Structures are given as C-alpha cells and as structure tokens.
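Taken together, the values in this text are just the output of simple stated rules run on the coordinates, not laboratory data. None of these values were measured; they are calculated from a predicted model. Here Cβ is always computed from backbone atoms with ideal geometry, including for glycine, and neighbour counts include all displayed protein chains.
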Amino acid sequence: MHPSLARRAPVSWLVVFGMIVALVCPALGQSTAGRVLGRVADPTGAVLAGVKITLTNLATGVSREAQTNETGDYNFVEVVPATYQVQFELSGFKKNVQNGVIVDVNQVVTLNSTLQIGASQEVVEVTSEAPQVDTTSTQLGAVINDRSVNELPLNTRDTYQFLQLQPGVQSQLGSSGSLFFGSDDAGSVSVNGGRTRANNFSVNGGDANDQFVNKPTVQPTPDSVEEFRVITNTFDAEYGRNSGSVVNVITKSGSNTFHGNLYEYFRNTVLNAQGYFNTVKPQLNQNQFGGTFGGPVKKDRTFFFVSYEARRIRQGDPGPVLNVPTPAERNGDFSALAPNGQQFSGTIDPSANGVFVANALNARSNGACGAAMATAAAPGVKWAAIFPTGVIPAVCQDPVAASFIQQFVPKANVGSNQNQAVPVGTDNEDQFTARFDHKINDRKTFTGYYYFNDIRQLHPYDTFG
C-alpha cells in the first residue's frame, strides 16, 4: 500500500463509522433528567460568587461540583432523578448541607441558600424544606414514582395504566373501537381532548413509539420502573413531534448496595365470577412471575440493574350465543316447527329448473328417496305434500349437506337450540432488561439500556391488528 494511502486509511474508516452511526441513530434522545439551580446569598441578601456546590446522589454516592457565578447563581443540568444531598461551601461562612433533595424526571428544582458567617468547620444542616414552585418551566404534568407503580393494583401489570389517573386523560379501554389497531391498549389515551395517536413515549430518553399507530412499544415491567412523568401541556421544544402528551419513563439503576426481589402474581378460574352474559365460566389462568437484581460493579462509580418477567395467560374468550339446529333437526326432523304438516312452505319450481330438482330427488339413494316420499317430486308440487310429517328421510338428505352439518355446525350446549363457544386464547411473554451506569469523570457519565421482549399470542376472535 502506498504510504499516503496508509495514512489516510484510519481517517477513512472514521468517516465510514461516523456515517454508520448517523444512519443508525438518526435523532438524538430526549432528556429525562432534571435540573437543580438556585442563588446563594449572605444574611444581608448580597449574592455570593465562587461558592462551591457539591451535589451527591445518596443511593450511588456519585457527586458533581459547580460554583456560583458573579450573580450568585448556579445550575446543574442533566441531573439523574434521585434523592440528593447538596452542600454549599465558601471560606468565611458555615457549610450549609441540605439533605433529602428529591429530583423527579424532567423536574426543575430551585434550591436557594443563605450562608451564615462563621468558620467553615461549622455545619448548618437542613433536613427538609417546603416544596418550591417551579418558576423556570411552563410544563404541566404529574410524576408517578416507584411506590405508586409497585403498590397500586395493576391489571396484567401494565405500567401505562397509571396514565388514566392523571387530570385530562381519557382512557380508551373497553371502547368499541377495536377496529383501530392499539385502541384497547393501556397506552392508548386521549389527553386534553387530543387523538389517542398523538402521544409521545420515551424510555430513558430513547424513542419508544410504535411507528404505525404511535402506541408505546417499550413497556418495562413495574418492578424495573423508577418513575415516570406525564407532561400534558406546554412541554418544551426538545420533545415536539406530537401534540398530545409526553410520557417519560426512567428505569431503576443499581446503587452502592445490592438489592432485588422475586415475585409472582396469579389469577385463576375458580376465583372468578361467571359474568352476566356468559353461559359458562370462561377459563382464566394467569401467572406473572419474575425478579430484579441490581448493585455496584465498583462502589461510587459503576452500577448495574437487571430484570426479568414472564407472563403465562390462558383465557377463555366467550363468543356470541348462536341459534343452531336441535338434535332432531340435525337428523332431518322438523316436525316441532309448526303443526298440521305446515313445516315446509313453497313448491318445486314449475319451470325447467324444477324438472332437474324433481328428477335428482326421486333418484337419490338409488330411488329409495322416491319410495319414501308421500308424493312424488315434480315441478309445481308443494313441499308439504312431499314431506307431510315435517320429517326428511335420511335417504332424501343431501350427503354433502348432512356431512357439513355434522362436522362444522356446533351442537347445542345452551338449551336445545343454542350454542356459545368459549375458545381459549394464549398470551406468553418473556421480558428482559438490563441497565448499566458508569461515571467516567466529574463531567461525563455513560448509561446503557437493553430491552428484550418476546410475545407469542393466540386470539380466537382477533380483528384487524
């Protein structure tokens, strides 16, 4: 290889790699982090510049530092939602320590501080503070934390069912719009009168939208969710895309201590009521089991968190109540339909078509049908005269039709002439998630999230989608 080509080769490969990254990642993720900002002053109200502020995550021990500017202001951006300790230090003033500062997803926390004159070895510790009104953002929304996610009841453990608890959110569950793909999913909600397809979902800042109908496709199990926020109005321009709401979900990460859980939730047919419109009690066997585990790889620096959940559902799907032939009618006996031999009305077509019908009927079963009829079949003859008792002899029945009835027309299971089928559908799912967090330095962090979900479903009465 020519030396000049050898020198350009690494550059060329970097360009190719950059193009691949650009194609694979066409859009930047949306932020789920919060912000902590404020102003520091002395007892007279004069602002203080150069104050050292240390923000420490109480769960992981990861800390960040900043200093106030000439106007006494400071600002921590991209703060991972968690509970923090904030320290304010400046020579000639007592150290101010504020504990239990909670930063929720997408929240802006305004934390002002007043330093008291004294030695820096003296500490003024604040353990609680009244909630601050957010004066820096116009976003309106609500935060659902992990306690609500884990302790409130959830049918089939779908985290997005909590969307229905927010003001201005209208659920579409149970609606008649099953022809619209996704309309019966928990994530399909109308926010402030908007369309159910006008919402935007993200998980850990990554896009989690179905590109066909805009329902959520990444749905972490409740035990792996730290919290999520529903922004219902005037959200920041960084979200854009849709006019409904923004749902930001963040999953749990590891901490300096190992923690995890194991669980199983179940439902069973014997525990359920039959249902007013059901003629039988539909089968329902539902088992959801799994666990989570997380902890440190390196204390105060590197952490992991994994989760697994399996779903095994066997559920009967009641069909409509259908009118079917009675046992007698299945054998050709229609005598119970009407009295005095009036079970059959009409006549054989008197035209040339009737000649074909009459000849075929008289010759059926090698002529046995003709001998079994009260009156020979002929064009213009009434059916009531041919079968006056309302019974069609077996030798006169079309063998194809008789076979079809026996094989494909269900027998009555409700009374003598009704049938309700309750076929059993299946829903088997396996979900695995993994999250990795690493502090590179005081200014850089790395977070990786992997989501795997395998679904195998059978719906006996499925419609489009």
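Given the C-alpha centroids of segment 375-399 and segment 287-357, what is the distance between them in whole angstrom?
36
Given 0.36 nm per residue, what is the gain on full extension from N287 to N441 after removing their alpha carbon distance, in nm?
Working: separation 154, 0.36 × 154 = 55.44 nm, distance 4.40 nm.
Computed gain between N287 and N441 is 51.0 nm.
Cα to Cα, under 21 Å, and not fewer than 8 places away if on the same chain: which lysines meet these conditions relative to K95?
K52
Could you derive backbone 3J(HN,Hα) for segment 310-321 from the dihedral phi with the Karplus parameters 6.51, -1.76 and 1.60 (θ = phi - 60°), listing whole Hz in sequence and x where the residue is Gly or Pro?
10, 10, 10, 10, 10, 10, x, 10, x, x, x, 7
Would you kindly state how much longer the chain becomes between F258 and N155 on full extension, computed as 0.36 nm times their sequence separation minus their alpha carbon distance, in nm to one decimal? If you can, show how the numbers build up before the last one.
Values: separation 103, 0.36 × 103 = 37.08 nm, distance 2.92 nm.
Additional length available on full extension: 34.2 nm.
Modelled label-to-label distance, Q211 and E70, 7 Å Cα→beta-carbon offset: nm?
It works out to 5.0 nm between the two label points.
Cut-off 16 Å, label point 7 angstrom out along Cα-to-Cβ of N331: give me the residues of segment 382-414 whose amide nitrogen falls inside.
Only 390-397, 402-403, 406, 411-412 pass the distance filter.
Assuming R0 = 45 Å, what is the FRET efficiency of V143 and N268, from their Cβ-Cβ distance, to the nearest 0.05?
Step by step, r from the Cβ atoms, then E = 0.80.
Please give, to one decimal in nm, the separation of the simple spin-label points placed at N278 and D427, each 7 Å out from Cα toward the Cβ.
So the label points at N278 and D427 sit 1.4 nm apart.
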